[in-house]
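Worksheet: the structure to be examined is printed underneath.
The values are calculated or read from the model by the stated rules, or taken from the named source; none is laboratory data. Please read all numbers here as calculations on a predicted model, not as lab measurements. Note that we place each Cβ from the backbone using ideal geometry, even for glycine, and neighbour counts take in every protein chain shown. Accessible surface is based on the protein model in full, side chains and every heavy atom, while ligands, DNA and RNA are left aside. Shrake-Rupley method; radii C 1.70, N 1.55, O 1.52, S 1.80 Å.
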Amino acid sequence: ERGGYPHFMLKEIHEQGGVCRSTLKGRISGGSVDLSGELSMDEHTMISFRAVHLIACGTSYYASLIAERIFERWTDLDVKVDIASEYRYRDSKITPDTLVVFVSQSGETADTLAAQRKARACGAYCLAVTNVQGSTLARCCDDVLLLKAGPEIGVAATKTFMGQITALYLLAMYIAKVRGTFPIERESELIDELLQIPYKIETVLEREHLIEELASKFAFSQNFLYLGRGISFPVALEGALKLKEISYIHAEAYAAGEMKHGPIALIDPNVPVVVVAPKDSLYEKTLSNIQEAKARHAPIIAVGFDGDERLASDADHVLCVPPTLEEFSPFVTVVPLQLFAYHVAKKRGCEIDKPRNLAKSVTVE
Ligand code: F6R
């Protein structure tokens, strides 16, 4: 049932092109996103929203941080993201004109369910983005947007993260379009590129051997620092979480610009720094953070676009991914980080599919 793969996690990483493709399927027609057939929220409701809150735990929270930036870019809504265990106890202003999106692979996470009860009590419109139709979350929300990832067995979430970001981009595009804030002159460029993403994910997967080689060089490091800016900051967080969960190596992720406010003190030749550096509008800034880390003799592992010679000369190692539009880089940049974590854990002889102390779904507070 592992389809010839040694672990479910690796099988699921390799399914991600397909997950993205199935999550897009049937949701784009005539060159435009259309979710009207499956969401019950009508145009009037979508236009009446003032704010959107994205609430989740763990990897689903990192998918939400990516979506936060996309909602900010394409819509005029006030966007807020929170961890469910915080949201449920704080005094956020949740109003009937707030759309609260609960992102949960399982749809059974206790804190996310409690946060949903709170939002519902405040009269907010609740939408579940989940992989499990019929889950508690799906049943309690006003609306459901499904990821089409298929069951995920590995405890560390990989393909469901891909499904979540795919679904959340579609949602942001759809709401933005209905509200008239979507950059319509870029619609065909954005949609065409989104449809190419599954192939680009598959191209990254074909380079697994290069990532495995790099993983063997660093498998016995004790600490890692992950950096990224803008939309790549949540990718850095997710890459570090994967490494922590399955290899038990201490990995911290920081917004690259925050490095000089403290974590730079950690850097020395024994702390590899993983930098997510796609060529986007913050690229130059990220390169200067690479210089700062290099000056302290940290080994630099960068994730960047094919053909980026500057990055190749500045970093010690580059994991290349096919270039894409700045909005979509997380779809490709997260994949080498998942594979890197997997191969590091494998070299260390860890129990990859069932890491210690972790449960697939956290149904207690
Ligand atoms: C990370 C991981 C966890 C889950 C978190 C939320 O690899 O699996 O951090 O992402 O427990 O779970 P769901 O999405 O089911 O609410």
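Every residue, every condition in (1) hydroxyl-bearing (Ser, Thr, Tyr); (2) more than 28 Å from residue 80 (Cα to Cα); (3) modelled with pLDDT under 95, yes or no:
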| residue | (1), (2), (3) |
| --- | --- |
| 106 | yes, no, no |
| 147 | no, no, no |
| 189 | no, no, no |
| 217 | no, yes, no |
Discussion item. Need the failing condition index for residue 69 against (1) away from the ligand (no atom under 16 Å from the Cβ); (2) outside any helix (DSSP H, G or I); (3) open to solvent by 10 Å² or more (accessible area, probe 1.4 Å), just the number.
Written reply: (2)
Discussion item. Within segment 174-188, does at least one residue satisfy the condition of being open to solvent by less than 10 Å² (accessible area, probe 1.4 Å), touching a Ser or Thr at 6+ places or on another chain (Cβ under 8 Å), aliphatic (A, V, I, L, M) and closer than 20 Å to residue 100 by Cβ?
Written reply: yes
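Report the residue count in segment 314-365 for those that are of a type outside the set (Lys, Arg), more than 16 Å from the ligand (Cβ to nearest atom) and closer than 19 Å to residue 217 by Cα.
In the first step, residues of segment 314-365 are kept if they are of a type outside the set (Lys, Arg); the result is 314-345, 349-353, 355, 357-359, 361-365.
Now restrict to residues that are more than 16 Å from the ligand (Cβ to nearest atom): 314-329, 331-333, 336, 343, 349.
This time we only want the ones that are closer than 19 Å to residue 217 by Cα, so: 314-320, 336, 343, 349.
Total meeting the criteria: 10.
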Practice prompt. Within segment 238-255, count every residue that is open to solvent by 30 Å² or more (accessible area, probe 1.4 Å), within 11 Å of the ligand (Cβ to nearest atom) and touching a residue at least 60 places away in the same chain (Cβ under 8 Å).
Written response: 2
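Residue-wise test of (1) touching a helix residue (DSSP H, G or I) at 6+ places or on another chain (Cβ under 6 Å); (2) open to solvent by 20 Å² or more (accessible area, probe 1.4 Å); (3) in a strand (DSSP E or B).
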position: 111; (1), (2), (3): yes, yes, no
position: 118; (1), (2), (3): no, yes, no
position: 123; (1), (2), (3): no, yes, no
position: 126; (1), (2), (3): yes, no, yes
position: 129; (1), (2), (3): yes, no, yes
position: 145; (1), (2), (3): yes, no, yes
position: 149; (1), (2), (3): yes, no, no
position: 155; (1), (2), (3): no, yes, no
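Can you tell me how many residues in segment 93-109 are open to solvent by less than 10 Å² (accessible area, probe 1.4 Å) and either more than 16 Å from the ligand (Cβ to nearest atom) or in a helix (DSSP H, G or I) (or both)?
Pass one, segment 93-109, residues open to solvent by less than 10 Å² (accessible area, probe 1.4 Å): 98-104, 107.
Remaining after also requiring either more than 16 Å from the ligand (Cβ to nearest atom) or in a helix (DSSP H, G or I) (or both): 98-99.
Qualifying residue count for the region: 2.
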Worksheet item: Where residues in segment 72-92 are more than 9 Å from the ligand (Cβ to nearest atom), hydrophobic (A, V, I, L, M, F, W, C) and closer than 28 Å to residue 134 by Cβ, which of them is surrounded by the fewest Cβ atoms within 10 Å (Cβ to Cβ)?
Response: 83
Worksheet item: When you scan segment 250-275, how many residues do you find that are within 24 Å of residue 159 (Cβ to Cβ) and in contact with a Lys or Arg (Cβ under 8 Å, 6 or more places away or on another chain)?
Response: 1
Fill in: Contacts under 8 angstrom Cβ, first residue in segment 120-138 being farther than 24 Å from residue 48 by Cα, partner of a type in the set (D, E, K, R) and buried (at least 21 other Cβ atoms within 10 Å of the Cβ), 6 or more apart
131/152
Practice prompt. Identify all residues within segment 264-321 that are closer than 18 Å to residue 243 by Cβ, part of a helix (DSSP H, G or I) and open to solvent by less than 10 Å² (accessible area, probe 1.4 Å); write none if there are none.
Written response: 293
Discussion item. Please determine whether any residue of segment 322-332 is free of Cβ contacts under 8 Å to residues at least 24 places away in the same chain and open to solvent by 10 Å² or more (accessible area, probe 1.4 Å).
Written reply: no
Fill in: Inter-residue pairs, beta-carbon under 6 Å, first at pLDDT 95 or above and in segment 266-281, second hydroxyl-bearing (Ser, Thr, Tyr), 6+ apart
272/221; 274/226; 276/232; 276/333; 277/286; 278/329; 278/333
Response to the item:
Taking first residues from segment 202-230 that are of a type in the set (Lys, Arg) and second residues anywhere that are open to solvent by 10 Å² or more (accessible area, probe 1.4 Å), the pairs with Cβ under 7 Å that are 6 or more apart or on different chains are 229/255; 229/257; 229/282; 229/285
